[in-house]
Each structure stands twice: as structure tokens, then as C-alpha cells.
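A.B. asks: One structure, as C-alpha cells, below. Some questions next.
Values quoted throughout were computed directly from the atomic coordinates according to the rules given, and no laboratory measurement underlies them. Not measured: the values here are computed from a predicted model. No Cβ is skipped: glycine too gets one built from the backbone with ideal geometry, and neighbour counts run over all protein chains shown.
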Amino acid sequence: MITVSNKRIYLSSPHMSDEGYEMQYIQEAFDTNWIAPLGKNVNEFENEFADKVGSKTAAALSSGTAAIHMALKAAGVGEGDIVFCPTLTFSATANPIIYQNAIPVFIDSDNETWNMSPKALEEAFEKYPNVKAVIVVHLYGLSANMDKIMDICKKHNVPIIEDAAESLGTYYKGKHTGTFGDYGIFSFNGNKIITTSGGGMLVSDNEERISKVRFWATQSRDPARHYQHSELGFNYRMSNVVAGIGRGQLKILDKRVEKKKYIYEFYKRELTELERVAFMPINDWNNPNYWLSSITLSGKVRPLDIMEALEKENIESRPIWKPMHMQPFFEKYDYFGEDIAENLFNNGICLPSDTKMTDDDLNRIVEIIKGLWK
Ligand SMILES: *Cc1c(COP(=O)(O)O)cnc(C)c1O
């Protein structure tokens, strides 16, 4: 096949609604001169978001990372506390543990979910029974094995924080990811399934804790006329303009999930016949958002071969996250498990999953990949 087009194809890029919903909400903020701080878009985005995922309440923040930081603080994590964290994740999951001067202990994945291994989690509890919080991540829109993980955490009476940054639109047994734990966080960073250009959300059924987070996130200003502070403050709130983008994007979330699923099924149909290719695990209790279509390779063709062949044609792809226990900054911390996350990192690749791709784009990609098997 001769490639006629060489237009850039992204891994996952911002995709505003065809209807222009985002601009309508932004325009409203301009018309009322309510650009910042907070305002109607922020309040409504929080309400609409909480409704969408089925949580009692939500706080709109400046990033998903800020949301994890606030969740840890709300869960009472402080200096010297142990926090369990999956090793296979983006560093933004683990960094806020350090912001709180706490100590991360990393947990391996399992092959069944690519997410936290319940077995490794139990081993970690044996050595560290006094854990302050457990962070669970739902990578690439695949949900973790929540029943098992929650059973283990309940037994030890430890709060769960779900990092659902990549799993907005993902349901586990019919319930939205991010609403199982005591806290759930979401990200609206540029490459996530919906974006506000940058932003995050913290959800919880604990209204008292969420209003406390709103207080901390606006510099911990005590209710006094003068500037009075009895606690450390943060500047972590979302702006009213950014929240307008979020309200518009939320309206078309289901459409984006539909397209992400279409992309995954396209790859599956076209690439499944290739030798030694395995697709990311879709369990029957899992209703994923298919954020990034990912595969692992166990034959002669390596992830780097695919990445280089695609890059030559101006197409973006990337490796699976490099585990935290292998990172120079984090390798000094304890780790439980085998080498499952490491194997996923060594053998995995995230294929282009941009929702603006056409069938022609997808055909271009699969032809390039298939070419490596010839
Ligand atoms: C994107 C992401 C975050 C961080 O979100 P930001 O909004 O970029 O701060 C955290 N955890 C995971 C797993 C992510 O993919």
C-alpha cells in the first residue's frame, strides 16, 4: 500500500465537541465577567461531574496531581506515614506521597488486570500492617480488581484513594471507577479522554472532607474579614474559564468512550492474527473507556520496532509506563511483587488512540505495523 498522507497522528490529543458546548460556557463566563476565581462554571462542573460518576460531592482542582495531594491530606497522611502505591503508573500518582513527607511502598501489577496485584498487596500488609492509605490506579481505562482489593483494605481498616485519572467513563461491575474508595481523583490533562487544557477533580461521599479540601485549596483562609490562617494553604482551585471547558467536554464523554472502543476493536480485528501479540486484558466485570489501546509483544518484533516505524510516518505511540520501583528517584523505596509490571514495561506499547482518527488513519497504522511481520 502506498501511503499518500503523512499528516501527524497523535497518541491522544484534545478533542472539543462538534457542537461548541465548551465555547458557550466560556462565553457565559466572559459575558458575566466571571473569569476567576471560581464562579458558576466551577460549581456546576462539580455538580454535573458528581452526578455523572455517581458520587455525593466533588471538588474541582487545578490538576489530577493536586487532587491526589488533597486526597492524601484528607485521608490524614502525614510525615513518616506509609502509603501503598502501584508501581506501574505515571509518576504523578506517587509524587504527592512525597509532598506529604510520607513513604511510598510500591506494589506489583497482575497479568489479569495490569493493575494492582491483590496478592502482592497482601504481602505488603504483612510487613507493614500500619499503612495510612492505599492508592489504587485504573490504568489505560482498565479497572483494577476492586472486590479483592477492597476486601483486603477493609480487613486492615485502611482508606482507599482511587487514581481514576485515566478511567473517566470506566465502570467496574456497573459502578463508576473512582467511587469505590474513600476518595477518587480524575484528570483533565491534555491527553486524557476529556480535557480542560489542564485540571482535576476529587470526588467523595464525605461532604465534610470535600469542603475541607476546598478550604485548603484556596489558601486555607479562615472565615474572618482580615487574612487569617490557622492551617497551611494551597492554591489548587480550578478557574471558572477552565471549568467551562470541562462542562462542555463532559457532555460528549460517552461519545468519546464509544470512539475509543471502536479504535480498540479496529486494532483487535486487524492485529490479532499477528504472531505473539496480546491485547490489554478486558475482563467481563470491566466496562472500560479504552483510553489507550495497548498491546504486549513476545516475539521477534519489539515495541521499539513499532514505535520507530510509526514515528517515521509521523505517527505517535509510546511505551507502557516505566514502573516506579525502577525509577532513579523512587528505587530506594520498598517494593512487593514479582516482575509483572517490569515485563509489561519491557514488552508493551500504547497504540495511537486519538478520537479524531478516521478509518483511513487507522488503516495506515495497521498496515505499517503488519509490515513488520512480513
Ligand atoms: C494524568 C495522570 C495523573 C495526573 O494528572 P494531572 O492532571 O496531569 O496532574 C495522575 N495519575 C495518572 C495515572 C495519570 O495518568
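A.B. asks: Mean-square fluctuation check for the chain, GNM, Cα pairs under 10 Å: which of H325, H138, H156 is largest?
C.D. replies: Result: H156 has the largest fluctuation of those listed.
A.B. asks: Then there is this: Return the percentage of antiparallel bridges among DSSP beta bridges fully within the stretch 79-154, rounded to the nearest 5 %.
C.D. replies: Looking only at bridges with both residues in the stretch 79-154, the antiparallel portion is about 10 percent.
A.B. asks: Right, something else. Among 353-365, 91-103, what's the highest-first ranking by average C-beta atoms within 10 angstrom per residue?
C.D. replies: Ranking the peptides 353-365, 91-103 by packing returns 91-103, 353-365.
A.B. asks: Pick out, from I26, A71, I82, the residue whose Cα sits farthest towards the positive end of the charge dipole of the stretch 1-92, with +1 on the Cβ of Lys and Arg and -1 on the Cβ of Asp and Glu.
C.D. replies: Checked the options; the winner is I82.
A.B. asks: Quick check for me: using +1 on Lys/Arg Cβ and -1 on Asp/Glu Cβ, what's the dipole size of the chain about its Cα centre, in debye to the nearest 20?
C.D. replies: With only Lys, Arg, Asp and Glu charged at Cβ, the dipole is about 420 debye.
A.B. asks: So for the stretch 213-286, averaging the separation of alpha carbon pairs under 8 Å that are six or more residues apart and normalising by length, what relative contact order in percent results?
C.D. replies: About 18 percent, as a whole number.
A.B. asks: So how strong a dipole does the stretch 327-374 carry about its Cα centre when Lys and Arg Cβ are +1 and Asp and Glu Cβ are -1, to the nearest 20 debye?
C.D. replies: With Lys and Arg at +1 and Asp and Glu at -1, about 220 debye.
A.B. asks: So for the chain, taking the charge dipole from beta-carbon charges (+1 Lys/Arg, -1 Asp/Glu), which of A133, Y99, L232 sits furthest toward the positive end?
C.D. replies: Toward the positive end, the furthest listed residue is L232.
A.B. asks: Something else: Suppose R0 equals 35 Å. What FRET efficiency, 1/(1 + (r/R0)^6) with r the Cβ-Cβ distance, do L232 and K356 give to the nearest 0.05?
C.D. replies: 0.25
A.B. asks: Counting only DSSP beta bridges with both residues in the chain, what percent are antiparallel, rounded to the nearest 5?
C.D. replies: 55
A.B. asks: Over the stretch 231-374, what lengths in whole Å, largest first, do the semi-axes of the equivalent ellipsoid take, defined as the square roots of 5 times the eigenvalues of the alpha-carbon gyration tensor?
C.D. replies: Semi-axes from the Cα gyration tensor: 30, 25, 15 Å.
A.B. asks: Output the direction-averaged projected area (hull surface divided by four) of the convex hull of the alpha-carbon atoms of the chain, in nm².
C.D. replies: 19.6
A.B. asks: Taking neighbour Cβ counts within 10 Å as the exposure measure, how do C85, C350 sort from fewest upward?
C.D. replies: Starting with the residue having the fewest Cβ neighbours, the order is C350, C85.
A.B. asks: If you count the DSSP beta bridges with both ends in the stretch 1-160, what percent of them are antiparallel, to the nearest 5?
C.D. replies: 10
A.B. asks: Give, as ranges by residue number, the residues of the stretch 337-374 whose backbone N falls under 14 Å from the point 7 Å along Cα→Cβ of E313.
C.D. replies: Residues passing the 14 Å test: 351-353, 358-374.
A.B. asks: Considering Cα pairs under 8 angstrom that are at least six residues apart, work out the relative contact order of the chain and quote it in whole percent.
C.D. replies: It rounds to 25 percent for the chain.
A.B. asks: Among 44-52, 16-24, what's the highest-first ranking by average C-beta atoms within 10 angstrom per residue?
C.D. replies: Most protected by this proxy first, the peptides run 44-52, 16-24.
A.B. asks: Given the -39500 (n - 2.57) contribution per DSSP H run of 4+ residues, what per-residue ellipticity at 222 nm results for the chain, rounded to the nearest 500 deg cm²/dmol?
C.D. replies: -11500 deg cm²/dmol
A.B. asks: What are the DSSP H helices in the chain that stretch 24 Å or more along their long axis, judged by alpha-carbon atoms, and whose average Kyte-Doolittle hydropathy comes to at least 1.0?
C.D. replies: Long hydrophobic helices here: none detected.
A.B. asks: Please name whichever of F345, L372, P281 sits farthest to the positive end of the charge dipole of the stretch 268-374, dipole taken about the Cα centre and charges placed at Cβ: Lys and Arg +1, Asp and Glu -1.
C.D. replies: It is L372, whose Cα lies furthest towards the positive end.
A.B. asks: Expressed as a fraction of 2.2 N^0.38 Å, the rule-of-thumb size for a compact globular protein of N residues, what is the C-alpha radius of gyration of the stretch 77-127?
C.D. replies: 1.16
A.B. asks: At a Förster distance of 41 Å, what's the computed FRET efficiency of E367 paired with L253, Cβ-Cβ distance as r, to 0.05?
C.D. replies: The value I calculate is 0.85.
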